[in-house]
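Notes follow once the structure below has been shown.
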Amino acid sequence: MPLVECVPNFSEGRDPVVIAAIREAIATTAGAHVLDVSSDPSHHRTVITFVASLVAAVPAALAAMRVARDRIDLTAHQGEHPRIGATDVVPFIPLDGATMDDCIALARELGERAHRELGIPVYLYERAAATPARENLADVRRGEFEGLREEVRSNPARHPDFGGAELHPTAGATAIGARPFLVAYNVYLGDKANLPVAKDVAKAIRGSSGGLRYVKGLGMEVDGQAQVSMNLVDTEKTPLHRVFEYVKTEAAAYGVVPTWSEIVGLVPERVMLEAGARHIQLRGFSKAMLLETKVRDVMSGGESIDGFMSRVASPDPTPGGGSVAAHAGALGAALAQMVSGLTVGRKKYAGVEIEMKQIALQASALRCTLNTLVERDAQSYEGVRAAYQLPKDSEPEQQARATAIREALIGAAEVPLETARTAVEVAALAAALAERGNSNAVSDACVAALLAEAACKGAVLNVRINVVSLDEEGTARGAALASEARKMLDAAAMHARIAEAAAERAMMPA
């Protein structure tokens with residue numbers, strides 16, 4: 001079932017009764033599940049994280065907005081964080097099986113209903129924005145509630161996407177959007193006397209000021225301390241550890257050292273694992289190295305097909321085409337097992353009984369190999385990415401990095417080449433099944449051969465893309481890998497054509 005994450009921010013961080021009422025409105029909506037509630041009295045703000053089906057997401061968010069409208073008066077609200085509404089922002093983020101287009105549709109549906117049913121003007125932002133001028137949330141929120149309340153009356157450019165030239169008198173307006181996963185991250189720089197430093201550091205780090213492109217930042221005072229408050233809008237391109245090091249370096253120029261940092265709400269485990277691996281300079285790290293990952297896979301009986309497809313559909317680069325090619329080959333092997341099982345024990349096929357039993361065993365082994373290659377391909381990509389992230393400031397570092405990249409690329413080509421070899425073996429089994437197996441399942445055998453051929457083609461593409469990136473020292477090794485890959489293509493195609501011909505013969509009129 002496709003899922004989305006929703007992380008609404010409410011302009012209330014001090015009254016536990018109001019916060020509980022908002023949470024309850026979400027939690028009691030069928031199909032919605034609250035994961036986290038984070039309140040900050042200084043910001044006077046609460047961030048609630050929930051997941052929901054595509055059907056439940058809008059009703060859950062709307063129920064929370066209704067409570068916020070009725071229980072929060074923005075005319076009496078003061079806090080450190082910028083805001084334009086009782087429900088300030090409502091972003092939708094695609095999770096398992098959902099797409100960004102799904103989230104954009106949800107944002108627009110919620111915007112229309114929030115205005116129509118609650119009387120709250122709505123601005124669409126980020127990926128859901130109707131105009132480029134509203135993609136940036138900071139631009140939408142410029143002037144905050146008090147400034148926007150006045151400007152919207154006289155400036156048509158500030159009119160909401162849903163609503164007229166007036167904000168709700170107490171609930172203000174709401175920005176609703178669709179975006180990738182965002183990490184709310186704060187770094188503290190000691191006593192409030194360092195607030196000017198925090199402001200300068202925030203200006204230096206935020207993308208709009210020429211800093212890190214995928215970081216938004218503000219310097220503010222929180223509980224008597226100077227804080228650099230940030231939103232990391234793409235941790236794939238700007239990872240957490242890089243942000244912390246940037247803040248640390250900029251603060252050091254003023255003689256200030258970070259005292260601690262915090263994450264508001266939830267964070268993908270990948271972000272924290274990558275930060276830890278970077279801190280101890282661990283090369284080639286992947287989740288497959290974790291004991292708990294293996295235990296979860298074993299206890300759950302392995303990853304579901306839907307779970308795998310959701311990982312493929314996510315913005316993460318792994319699992320990618322190489323893993324999908326191996327998965328296609330594994331499906332072909334599974335089909336080959338099925339056809340052999342439908343042949344063994346049938347009197348009509350007694351003459352090929354021994355061969356069919358052997359094919360069943362071989363297909364089972366090949367399926368296991370290809371399932372392993374699904375993860376190995378993802379790991380090989382992580383190795384390449386880690387190599388490209390190695391330092392290159394000095395000549396020795398440049399040489400070590402070049403060597404690491406070369407070896408990682410060779411490894412990333414060798415894995416799909418093994419996938420191609422294995423896929424050819426699957427195709428050969430499928431061709432034999434199509435010719436001599438149960439004729440009622442000849443189309444299944446043919447599909448197995450075609451899947452194996454597709455797996456081989458996809459794997460060979462991954463061999464070639466890695467080989468072409470090799471430096472001069474790796475050219476000879478790369479050429480040998482590419483040459484073998486081309487031979488695998490020819491072999492897989494031959495077996496697939498044999499299977500197709502057998503299927504065509506079986507379907508000819510008697």
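Readers should treat all values here as calculations from the given coordinates under stated rules, not as data from a laboratory. Please read these numbers as outputs of a predicted model, since none were measured by experiment. FYI the Cβ positions are ideal-geometry reconstructions off the backbone, even for glycines, and counts take in every protein chain you see.
As a rough footprinting exposure proxy, the listed residues 444, 223 were ranked by other beta carbons within 10 Å of their own, and the order from fewest upward is 223, 444.
Centre-to-centre, using Cα atoms only, the stretch 427-455 and the stretch 317-367 are separated by 9 Å.
Taking the Cβ of each residue in 159, 43, 81, 279 as the centre, tally the other Cβ atoms inside 10 Å and list the residues starting with the fewest. Intermediate values should be presented prior to the final figure.
Details: 159 16, 43 23, 81 19, 279 11.
Final ranking by Cβ density, sparse to dense: 279, 159, 81, 43.
Count the net charge of all other residues whose Cβ sits under 11 Å from the Cβ of residue 379, scoring Lys and Arg as +1 and Asp and Glu as -1. It would help to have the intermediate numbers written out before the result.
On the way: positive: 287, 376, 385; negative: 375, 377, 382.
Result for the local shell: 0.
Taking other residues whose beta carbon is less than 15 angstrom from the beta carbon of residue 113, and scoring Lys, Arg as +1 and Asp, Glu as -1, yields 0.
Using the beta-carbon distance between residue 394 and residue 166 and R0 = 56 Å, what value does 1/(1 + (r/R0)^6) give for FRET efficiency, to the nearest 0.05?
Values: r = 62 Å, r/R0 = 1.10.
According to the calculation, E is roughly 0.35.
Taking the Cβ-Cβ separation of residue 252 and residue 112 as r and a Förster radius of 45 Å, what is the calculated FRET efficiency to the nearest 0.05? Approximately 0.35, to the nearest 0.05. Label separation (residue 272 vs residue 1): 2.6 nm, computed from points 7 Å beyond Cα along the C-beta direction.
With R₀ set to 41 Å, the beta-carbon distance separating residue 283 from residue 365 gives a calculated FRET efficiency near 0.85. In the stretch 145-289, taking the dipole from charged Cβ atoms about the Cα centre, the farthest positive-side position among 173, 184, 273 is held by 273. Under a model in which nothing but the beta-carbon of Lys, Arg (+1) and Asp, Glu (-1) is charged, the stretch 287-506 shows a dipole of about 740 debye around its Cα centre. Of the residues 314, 449, 324, the one whose Cα sits farthest toward the positive end of the charge dipole of the stretch 287-506, with +1 on the Cβ of Lys and Arg and -1 on the Cβ of Asp and Glu, is 449.
Give me the percent relative contact order of the chain, please, defined on Cα pairs under 8 angstrom at least 6 residues apart. Walk me through the numbers on the way to the answer.
On the way: 997 pairs, mean separation 52.1, N = 510.
Reported relative contact order: 10 percent.
Peptide packing for 330-339, 266-275 was compared via the average number of neighbouring C-beta atoms within 10 Å per residue; ordered from the highest value, the list is 330-339, 266-275.
Judged by the ratio a/c of the largest to the smallest principal axis of the C-alpha gyration tensor, the stretch 3-178 counts as oblate, that ratio being 1.5 or greater while a/b is no larger than b/c.
When the dipole is taken about the Cα centre of the stretch 3-178, and only Lys, Arg (+1) and Asp, Glu (-1) are charged at their Cβ, what size is it in debye, to the nearest 20? Could you put the intermediate results ahead of the total?
Working: 17 positive and 25 negative charges, 57 e Å.
Here the stretch 3-178 has a charge dipole of around 280 debye.
The stretch 189-252 and the stretch 97-142 have their alpha-carbon centroids 27 Å apart. So if I place +1 on the C-beta of Lys and Arg and -1 on the C-beta of Asp and Glu, and nothing else carries charge, what would the dipole magnitude of the chain be about its Cα centre? I want it in debye, nearest 20. It comes to approximately 740 debye. 3J(HN,Hα) along the stretch 385-394: 4, 5, 5, 5, 8, 5, x, 9, 6, 10 Hz, from the Karplus curve 6.51 cos²θ - 1.76 cosθ + 1.60 with θ = phi - 60°, whole Hz, x for Gly and Pro.
For the stretch 343-386, list residues with backbone N below 18 Å from a point placed 7 Å from the Cα of residue 311 toward its Cβ? Zone members listed by number: 367-386. Ordering 411, 440, 424 by the projection of their Cα atoms onto the charge dipole of the stretch 374-510, which places +1 on the Cβ of Lys and Arg and -1 on the Cβ of Asp and Glu, puts 440 at the extreme positive end.
Can you classify the chain as rounded, prolate or oblate using the Cα gyration tensor, where a ≥ b ≥ c are the square roots of its eigenvalues, rounded means a/c under 1.5, and otherwise it's prolate if a/b beats b/c and oblate if not? Judged from the Cα gyration tensor, the chain comes out prolate (a/c at least 1.5, a/b above b/c). Starting from the Cα of residue 15, step 7 Å toward the Cβ, then list every residue of the stretch 36-61 with an amide N under 17 Å from that point. Hits in the stretch 36-61 for residue 15 at 17 Å: 39-47.
Residue 403 to residue 35: extension gain in nm, 0.36 nm per residue of separation minus the Cα-Cα distance? Present the calculation step by step, with values, prior to reporting the outcome.
Numbers: separation 368, 0.36 × 368 = 132.48 nm, distance 4.41 nm.
Full extension from residue 403 to residue 35 adds 128.1 nm.
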